[in-house]
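Here the structure comes first, spelled out in structure tokens, and everything after it is commentary.
The values are calculated or read from the model by the stated rules, or taken from the named source; none is laboratory data. Computed from a prediction, not measured in an experiment: that's the story for all the values here. Every residue, glycine as well, gets a Cβ built from its backbone with ideal geometry; the counts of neighbours run over all protein chains shown.
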Amino acid sequence: MVAKINYERCVGCEECVVACARDHCIHLEESTNIIVVNESTCNNCGACVKRCPFRCIDLVGDIGPLARKPSMVATAVKS
Ligand code: SF4
Ligand code: SF4
């Protein structure tokens, strides 16, 4: 299980980054301007899920590389 971002709804507010107690686990990638979760360090605590005001984070099982297609990625506009 790991936190997954719904990029169609994410606005880049970084509330999830503030909520996460683990360093470098979730951050706004400056080069792409999207929220990125480090799947190797995410411990599935759910703090970011509860904090997101737009309900665009879910804790999901490993859906595999084929499901992580580029069309799932969109730019989050930093407010
Ligand atoms: S809290 Fe939600 S809307 Fe804000 S950056 Fe995180 S995932 Fe995106
Ligand atoms: S589920 Fe917990 S550890 Fe994983 S990104 Fe969200 S706040 Fe961080």
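Scanning region 1-45 for residues that are in contact (Cβ under 8 Å) with a residue 40 or more places away in the chain and within 10 Å of ligand 2 (Cβ to nearest atom) yields a count of 9.
Scanning region 32-60 for residues that are hydroxyl-bearing (Ser, Thr, Tyr) and either modelled with pLDDT of 95 or more or surrounded by 12 or more Cβ atoms within 10 Å (Cβ to Cβ) (or both) yields one hit, THR41. Can you tell me how many residues in region 23-49 are of a type outside the set (Gly, Ala, Ser) and either under 16 Å from MET1 (Cα atoms) or in contact with a Pro (Cβ under 6 Å, 6 or more places away or on another chain) (or both)? Adding up the residues that qualify gives 13. Picking from residues in region 8-26 that are closer than 15 Å to CYS45 by Cα and β-branched (Val, Ile, Thr), the one that is surrounded by the fewest Cβ atoms within 10 Å (Cβ to Cβ) is VAL18.
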